[in-house]
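Asker: Next up is a structure, given as structure tokens.
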Amino acid sequence: MSLETELAKNTAAVAAMTEALITLRIILETPAAPVAVAEPDVYQMAAKKIMDEPLPVIKEVVEPVVEVPKPTTPTDVGTATISYAEVAAAIVSTFKADRNKTVATLAQFGAKKGPELKPEDYAAFLSVLTS
């Protein structure tokens, strides 16, 4: 761009700014019309009335009822000592030797895979599988 073009743009911008300032000065020097006072707002009056009223006093305190579940204990001590790792090892070793027996024993306990067995069934499952 040439210098003449930039000067023309700057001159136009300064002229527009001067015109805007003159218009603003005219607006600011013009006396404003009196502002009409609005009637009180019904909602503001109701809110003020509510805020001025004292809060009600609660005379009765109600304690929350919290039920704590009883700790569960295993019914069979043997199930607490058998881990899934032991069950998985038994499944793998029996599966290698007799696949049909492993599948049938799993089906007897309602499972297709070892992870589907319930922890409380581990002891019974191992006794049937190893018999």
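Values quoted throughout were computed directly from the atomic coordinates according to the rules given, and no laboratory measurement underlies them. Small disclaimer: the values here were computed from a predicted structure and weren't measured. Virtual Cβ from ideal backbone geometry, glycine too; neighbours counted across all protein chains shown.
Asker: Scan the range 76-131 for trypsin sites (Lys or Arg not before Pro) in coil per DSSP, keeping those whose Cβ has at most 10 other Cβ atoms within 10 Å, and list them by number.
Answerer: Lys112, Lys113
Asker: Next question, about the same structure. Subtract the Cα-Cα distance of Val65 and Ser93 from 0.36 nm times their separation in residues, and report this length gain in nm to one decimal.
Answerer: Additional length available on full extension: 4.9 nm.
Asker: Using each residue's phi in the range 94-110, evaluate 6.51 cos²θ - 1.76 cosθ + 1.60 at θ = phi - 60° and report the 3J(HN,Hα) Karplus result to the nearest Hz, with x for Gly and Pro.
Answerer: Calculated HN-Hα couplings, in order: 6, 5, 5, 7, 8, 5, 4, 5, 5, 5, 5, 5, 4, 4, 4, 9, x Hz.
Asker: Among the chymotrypsin sites (Phe, Trp or Tyr not before Pro) within the range 82-113, which fall in a DSSP loop and have no more than 10 other Cβ atoms within 10 Å of their own Cβ?
Answerer: Those that pass, being in a loop and sparsely packed, number zero.
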